[in-house]
Amino acid sequence: MDSLKRISGFLWIALGLAVVYLMMQQAGVEIAAAVKNNKAVLDTQMFWYIIIPIFTPIMLGLCLFGWYAWKGEYDHVVIEEG
Amino acid sequence: MQTSTANHENMSAKGLMQVITASSVGTLIEWYDFYIYGAMAPIIATQFFPSGNPTAAFLAALATFAAGFVIRPFGALVFGRLGDLIGRKYTFLLTLVLMGLSTFAIGLVPGYASIGMGAPALILTLRLIQGLALGGEYGGAATYVAEHAPSNRRGYYTAFIQTTATLGFFLSLGVILTTRKTVGVDAFNAWGWRVPFIVSAFLIAISVYIRLRMAESPLFSKIKKEGKISKNPLKESFANKGNLKMVLLALFGAVMGQGVVWYTGQFYAQTFIERTCGVEFEQTRYLLCIAILLVTPFFLVFGAWSDRIGRKTIMLGGMLLAILTYRPIYQTMYSLANTKAKTEIAERTAVNMTAALDAKGDSLYTTTTVKAFTDGTSFKLVEKKTVLADKTKPAPKPESVKTVWLSATNFWIMMLLVFIQILYVTMVYGPIAAFLVELFPTRIRYTSMSLPYHIGNGIFGGLTPFIATRLFDASKTTTNPTGDPYVGLWYPIVIGAVCFVIGLLYLPSKKDSVSQED
């Protein structure tokens, strides 16, 4: 189980980076298309200007979580439960 | 981490219920204050954010999304730190007063027509204060109750705090519907919408009175007496690897999925029924109110059950059920209101056309079509087309509004489907306060648990209707102009699935749990 936790750490790092990359790429495509067609430019820009600054740090947090998992920080998690 | 059993052996059940009531009433009112803005966003938009003004439109979006949801984690940091430094009681008293004053003030702000751009700027500022206050409230109330409760019943007692978000939503729907019925739709849109905001002042006054009579949390008092209070809760919470890894685990292994399940069941369901299915305004709210009332006791059921079988099993169970059943549930909801698949009673179809000429010479043609169907469903379509007197100008886009009234049977089936979704909410949300409290030590608990809670709920959860609606709009193409009504569900399904896998792998089960000391 511990090895599965550690190996999965790579998956969370990759997922975090992939989401950031895909958000940036999609924002570029959609904003360019909106400007080109002069259609819903403000709405499109506003959506991505809200989404990217919010989700980028959170996805970097997911990468950090993956890093800790890979380093074995979650091998023996214990919490007090009633 | 300290077990609270020893500290509370002598606390009577009556005393504990007083603590829970005092905490819950205030938190419920804070949720009420927060939701009435969201419920009245379309009216507020017309009063304060004129559609022709791009700056005002930008402020409107900020007020709805950024201030409403994104600011909450900042409130968690500001008030969480205060709560760990000066105590739980005075901090969540402060958040309550801030929330109450800002809500009351929203009800008094003059419209854009009276004071221009000052109106949207004031509304945005007050909404920011609301978001900050809510960010500080929940962690305080959950921590306060948990620190009074015996550790073997912490899930049950903190579940009372968990009911407040849903009951606050119910209260906001109730006050809005009652005011609208009492003053009439036109008066409500003109001035009546201010009433629920002003009512908040009375509710807050009662709650402040109750909270002022409460004592500080015994665990916090104890560590304060022993001089063990954190000197820098933010640093200890987020610059200490041992604690930061637990913050990340709480966020990605539990709260992220809980947030999307909550906001899908309680809010996206409403958006879907009203906008995608076209079900009438009051019918939508009545079925939501009934479902919420019936399902609320299950917060306590699952909270208590989590004390026996563990938080992880129940939370992940709810998440898995949601992931697996969202699509069939929403397909059934859509089919209940889909008039294209129903048999029309031709002799009851009525079409009414009117034409009107305005002062500029433009003609407005309105066509109203009313239909009835064999299963008891009825339908009204209002189409408006404007023909401009000045033919050189581009013709405005025709508008059409579809309204569906569900038959009695379909109403109850729709209610049942909403009930099931909110039942999932009670599974994931009922035990989460106890779960978060148990992850962190007393001296930095308020700060540490508030941040993942508000990122998970405010951002992942709160943006669910926004992102799901956006996905739905993006699915409309020239080959499929109506779009895919279920595409928005991919957001909660994917987020929920990732959280489920992380939780399953990394969260300890009850048998692995041990008592820890601070």
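The values are calculated or read from the model by the stated rules, or taken from the named source; none is laboratory data. Please read all numbers here as calculations on a predicted model, not as lab measurements. Positions of Cβ are generated from backbone atoms using ideal geometry, with glycine treated the same way; all protein chains shown enter the neighbour counts.
Exactly one of these conditions fails for residue B:178: (1) modelled with pLDDT of 85 or more; (2) buried (at least 19 other Cβ atoms within 10 Å of the Cβ); (3) away from chain A (no Cβ under 14 Å). Give me its number.
The failed condition is (2).
What number of residues within region B:215-228 are outside any helix (DSSP H, G or I) and either within 33 Å of the chain's Cα centre (by Cα) or at positive phi (or both)?
The number of residues fulfilling the criteria is 4.
Restricting to region A:56-76, name every residue that is part of a helix (DSSP H, G or I), facing another protein chain (nearest Cβ under 8 Å) and among the aromatic types (Phe, Trp, Tyr).
Matches in region A:56-76: A:65, A:68.
Assess whether residue B:434 counts as being crowded, with 21+ Cβ neighbours inside 10 Å, more than 23 Å from residue B:69 (Cβ to Cβ) and either away from chain A (no Cβ under 13 Å) or within 22 Å of the chain's Cα centre (by Cα) (or both).
Answer is yes for this residue.
Evaluate the following for residue B:205: is it part of a helix (DSSP H, G or I), of a type outside the set (Ser, Thr, Tyr), surrounded by fewer than 22 Cβ atoms within 10 Å (Cβ to Cβ) and assigned by TED's automatic domain parsing to the domain that holds residue B:262?
Yes; evaluated as a whole, the condition is true for this residue.
Hey, could you check region B:361-399 for residues that are among the β-branched types (Val, Ile, Thr) and within 25 Å of residue B:346 (Cβ to Cβ) and say which is surrounded by the most Cβ atoms within 10 Å (Cβ to Cβ)?
Here the answer is B:377.
Residues of region B:286-326 being of a type in the set (Gly, Ala, Ser) and within 13 Å of residue B:426 (Cα to Cα), which ones?
B:291, B:303, B:304, B:306, B:317, B:318, B:322
Taking strands (runs of 3 or more DSSP E) that fall entirely within region B:331-397, which contain at least 2 residues that are within 30 Å of residue B:418 (Cα to Cα)?
Qualifying strands (runs of 3 or more DSSP E): B:363-372, B:378-387.
Give the residues of region B:143-158 that are within 22 Å of residue B:79 (Cα to Cα) and either touching a Cys at 6+ places or on another chain (Cβ under 8 Å) or within 14 Å of chain A (Cβ to nearest Cβ) (or both), sorted by residue number.
Those that are within 22 Å of residue B:79 (Cα to Cα) and either touching a Cys at 6+ places or on another chain (Cβ under 8 Å) or within 14 Å of chain A (Cβ to nearest Cβ) (or both): B:145, B:146, B:147, B:148, B:158.
Each row is one residue, and each column tells you yes or no for (1) at the interface with chain A (Cβ under 9 Å from one of its Cβ atoms); (2) in contact with a helix residue (DSSP H, G or I) (Cβ under 6 Å, 6 or more places away or on another chain); (3) closer than 30 Å to residue A:30 by Cα; (4) polar (S, T, N, Q).
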| site | (1), (2), (3), (4) |
| --- | --- |
| B:427 | no, yes, no, no |
| B:462 | no, yes, yes, no |
| B:465 | no, yes, yes, no |
| B:475 | no, yes, yes, yes |
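Give region A:10-40 a look and list any residue that's surrounded by 15 or more Cβ atoms within 10 Å (Cβ to Cβ) and among the charged types (D, E, K, R), or say none.
Answer for region A:10-40, where residues must be surrounded by 15 or more Cβ atoms within 10 Å (Cβ to Cβ) and among the charged types (D, E, K, R): just A:30.
Determine whether residue B:135 is within 16 Å of the chain's Cα centre (by Cα), in contact (Cβ under 8 Å) with a residue 12 or more places away in the chain and within 14 Å of chain A (Cβ to nearest Cβ).
For residue B:135, the condition - within 16 Å of the chain's Cα centre (by Cα), in contact (Cβ under 8 Å) with a residue 12 or more places away in the chain and within 14 Å of chain A (Cβ to nearest Cβ) - is not met.
Every residue, every condition in (1) polar (S, T, N, Q); (2) more than 10 Å from every other protein chain (Cβ to nearest Cβ); (3) in contact with a Cys (Cβ under 7 Å, 6 or more places away or on another chain), yes or no:
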| position | (1), (2), (3) |
| --- | --- |
| A:10 | no, yes, no |
| A:27 | no, yes, no |
| A:30 | no, no, no |
| A:37 | yes, yes, no |
| A:51 | no, no, no |
| A:78 | no, no, no |
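Assigned by TED's automatic domain parsing to the domain that holds residue B:50, buried (at least 16 other Cβ atoms within 10 Å of the Cβ), modelled with pLDDT of 85 or more and more than 16 Å from the chain's Cα centre (by Cα): is that true of residue B:153 in this structure?
yes
Do the conditions hold for residue B:316, that is, is it surrounded by fewer than 20 Cβ atoms within 10 Å (Cβ to Cβ) and either in contact (Cβ under 8 Å) with a residue 24 or more places away in the chain or not in a helix (DSSP H, G or I) (or both)?
No; evaluated as a whole, the condition is false for this residue.
Residues in region B:401-437 that are in contact with a Leu (Cβ under 8 Å, 6 or more places away or on another chain), over 23 Å from residue B:376 (Cβ atoms) and at pLDDT 95 or above: how many?
2
Could you grab the pairs with beta carbons closer than 6 Å, sequence gap of 6+ or different chains, first residue in region B:103-132 and on the phi < 0 side of the Ramachandran plot and surrounded by 14 or more Cβ atoms within 10 Å (Cβ to Cβ), second one of a type in the set (S, T, N, Q) and at pLDDT 90 or above?
Every condition considered, the pairs that remain are B:126/B:102; B:129/B:102; B:130/B:102.
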